[in-house]
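Taking it in order: structure first as structure tokens, then the write-up.
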Amino acid sequence: MQKEKFIIIGEIVGVHGIRGVVKVRSYSESPFLFTSGNSVFLHLPGKKRNAYLIKEMQPHKRLLLVSFDGIRDMDAAEALIGVEISVERTSLPVPEDGSYYWDDLIGISVFAENDRYLGRLESILQTGSNDVYVVKNDKKEILIPAIADVVISISLEKNAMRVVLPDGLE
């Protein structure tokens, strides 16, 4: 499956103060992609994707406060609310064995251990203890915990995930 050249790493969800600082929900476990001096891409509605240099980043509750070069006031920052932040896939480190980027898992076919097709992984929910895979088929939606006792295998080459469904999810 051909993956996009860009991978989404976060979303601008609000502003902080009057100097153009935005609140970012990071989709990355580590905020290293938002380090000062890094470039990211913002895809503004109706416009092409543009690169922005990160001037400063600091954690703030469950979000990040980020200031971009060229975004200097609250009006400019408010225009970015809802905009996704991406980076070029080639700038990301290769995940460790057994780890995957969410973008690589979205769309994968999910099967029970008996080879029964469960559906397609549509999205991933981030919870406090573990992620949850949202798997949909024609009839229903199944929420599958992303834990080692449940996920038997993932093959990006075969575009398939095998799981042992916990009791009550059959």
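Read-outs: derived from the displayed coordinates by stated rules, not from any lab. Everything quoted here is computed from the prediction, not taken from an experiment. Note that each Cβ is placed from the backbone with ideal geometry, even for glycine, and that neighbours are counted across all protein chains shown.
When you work out D = kT/(6 pi eta Rh) for segment 76-117 at 4 °C and 1.567 mPa s, using the Kirkwood radius from C-alpha pairs as Rh and the Stokes-Einstein form, the result is 92 µm²/s. Gyration tensor over the Cα atoms of segment 6-90: the corresponding equivalent ellipsoid has semi-axes (square roots of 5 times the eigenvalues, largest first) of 17, 15, 12 Å. The fraction of Cα-Cα pairs per 5 angstrom bin, counted from 0 for the chain, comes to 1, 8, 15, 18, 15, 13, 11, 9, 5, 3, 1, 0 percent, rounded to whole percents. Taking label points 7 Å from Cα along the Cα-to-Cβ direction, Ile124 and Ala51 give a separation of 2.7 nm. Dipole size of segment 6-90 about its Cα centre, with +1 on Lys/Arg Cβ and -1 on Asp/Glu Cβ: approximately 60 debye, rounded to the nearest 20.
Towards the positive end of the charge dipole of segment 102-163, with charges on Cβ (+1 Lys, Arg; -1 Asp, Glu), say which of Ala146, Ser129, Gly119 has the farthest Cα. Value: Gly119. Note on the chain: with charges restricted to the Cβ of Lys and Arg (+1) and Asp and Glu (-1), its dipole about the Cα centre is near 580 debye.
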